[in-house]
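Step one of this worksheet: look at the structure below.
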Amino acid sequence: MKTWLACCASVIVTAIWFPYSSWALEFTADRVTHTDRGFNRARIFYHDGMWRLEHNERGPVSITIVRLDRNQVWHLLPVTHHYKTVSYDRDYALHLSTTLDHEISRESIGVQILDGHPTVLYEVLTITPGGGRESYYQWIATDINFPLKLAKKNGDWMVEYRHVKFGPISDVFFELPRHYAPMDDDQYTASSPEPVRRMNP
């Protein structure tokens, strides 16, 4: 179970800061992430600072709900009808902006059709918290002004959004099921997620 929760964290983790914004954004999409742990897929529902990930991989945790308004993350375990609450931090952040944190340069290097959308491909250079430099490729869909794909230039990390659909999302998606009980700390200690390497553009 520890391995599975760490895998779930790798699905969620882009380690890229997405600041809470006053503008409303609502969409659904399929989210594919590639890290050193392999490929992970999830269905994402996003509503103005709240998001729900329905994981496609097998394991005890099938749903993760992130609530920025409460500074909380809920891991749902449907087999036992339990959930675990953990504090929100940057490891759960999404990147939904057309610019990257600590970006110092951006160059358009081509155009491409991605998931049916016309995109502009950029090479982006950023400064890391330690003062180093890292390069990324970012695909921004020009018809919906949405960052469909982001990848490290060295190829060891990637996140992609497919089948993006904008529209109202019910608040029900971001609430705890009434019949779920909290998991106590003793139960969760052995299954808590391992630290995941951060990647900070």
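Given Glu107, Glu26, which one is at pLDDT 95 or above and within 15 Å of the chain's Cα centre (by Cα)?
Glu26
Do we find that Pro118 is surrounded by fewer than 18 Cβ atoms within 10 Å (Cβ to Cβ), under 22 Å from the mean Cα position of the chain (by Cα) and more than 18 Å from Arg31 (Cα to Cα) in this structure?
Taking the combined requirement at face value, the residue does not satisfy it.
Report the residue count in the stretch 73-90 for those that are under 17 Å from the mean Cα position of the chain (by Cα) and more than 11 Å from Phe174 (Cβ to Cβ).
The total comes to 8.
Does the stretch 146-166 hold any residues that are at pLDDT below 95 and over 16 Å from Thr35 (Cβ atoms), and which are they?
none
The values are calculated or read from the model by the stated rules, or taken from the named source; none is laboratory data. All of these numbers come straight from a predicted model, not from anything done at the bench. Cβ: placed from backbone, ideal geometry, glycine included. Neighbour counts: every protein chain shown.
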